[in-house]
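Visitor: Sharing a structure below in structure tokens format, with a few things to ask.
Computed from the coordinates by the stated procedures, all read-outs in this text should not be read as laboratory data. Since this is a predicted model, take the numbers as computed values, not measurements. In this analysis, Cβ positions are derived from the backbone assuming ideal geometry, glycine residues included, and neighbour counts consider all displayed protein chains.
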Amino acid sequence: MGCQVSFWLDTSDPADARYALHTAEYLFHRVESQLSRFQLESELSLFNRQAGTWVTASHLFFDIVQAATQAAAITGGLFDPTVHQAVVAAGYRHPFTKQTPSPAAQADVDPTAVDSSWAQIELDPARQAVRVPAGVGLDLGGIAKGYTAVLASRVLARIGPNLVNAGGDITAGDAPQGEPGWPVSIANPFHAGQDLATLWLSNATLTTSGRDYRRWAGGHHIIDPRTNRPAQNKVLMASVWHPSAIVAETWATAVMVAGKQEGLEMLAAYGLAGLLVDDQEQVTLSPEMEPRVYFKPQEPRRMNYEQTSWTTAVVG
């Protein structure tokens, strides 16, 4: 999945903890073997090579494609699982742990010629089959991570309170004993070692999407389906809290694509808890997020709060 995954489990039984943690780790390896676009023999890669034909899918594959299609519909296509070819065209062909994308990798594909549209995904529940037109490919990375984090959290929940961090998708089960939740901080993308906000997370997911890490000269991995190019707007990072991991992942991506003003309007319209950071080092919280977090800057004199209909903080 191109990311680091970590588990926390609150229990006094080491034997049960080891079994549960190994089971949760196995889940991620199994899902990765099916849904990673970086593995040539994964179910996803085999599916993309059969674009244009009906393909009978596993239960897992069908469920996630169906969830991704619904996510695309509710965001008006700002979240789009058919941007695989555009991501490749932008240069993101290998996990960051193996090779950093470079402008040279983009030269042989014209993003404007890439065909992508979530509306072209066809689902046949009776046959559990999926089809996309020839030339269209699926990328299920983010939504698959969130889905798997929930599965892992449910496994760990049999033993005790737990937290799963899948490369920015943080899913919590019950709170640790005697605590209001798991303390989760959102890192400051401009100043290493500093946090923008901390919140208590329990039975919910906090997803953070951004262009501050998976980026390279001339591009990044968040594709705007309207242009098939890396999104160009002022939002550097977006975090969304929601009881559903898929909802959180969907809207974190959609806000990154939409831009600051439209993204905030969407969060407000759907009553979603979100935090945005723009390239001018401003942090903006949606009204639903305000009661969930408290700021904990390491340099409080550098924080400037402005009370508006949104909560905004200058962190630079």
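Visitor: Describe numerically, in nm with one decimal, the distance between label points set 7 Å from Cα along Cα→Cβ at GLN194 and at GLU265.
Guide: 3.1
Visitor: Hey, another quick one. Would you mind calculating the relative contact order of segment 161-278 from Cα pairs under 8 angstrom and at least 6 residues apart, reporting the percent as a whole number?
Guide: Once normalised by length, the contact order is 21 percent.
Visitor: Using a simple spin-label model with points 7 Å from Cα along the Cα→Cβ vector, what separation in nm is obtained for ALA73 and GLU281?
Guide: 4.5
Visitor: Looking at segment 131-234, which trypsin sites (Lys or Arg not before Pro) are in a loop (DSSP not H, G, I, E or B) and have at most 15 other Cβ atoms within 10 Å?
Guide: ARG158, ARG226, LYS234
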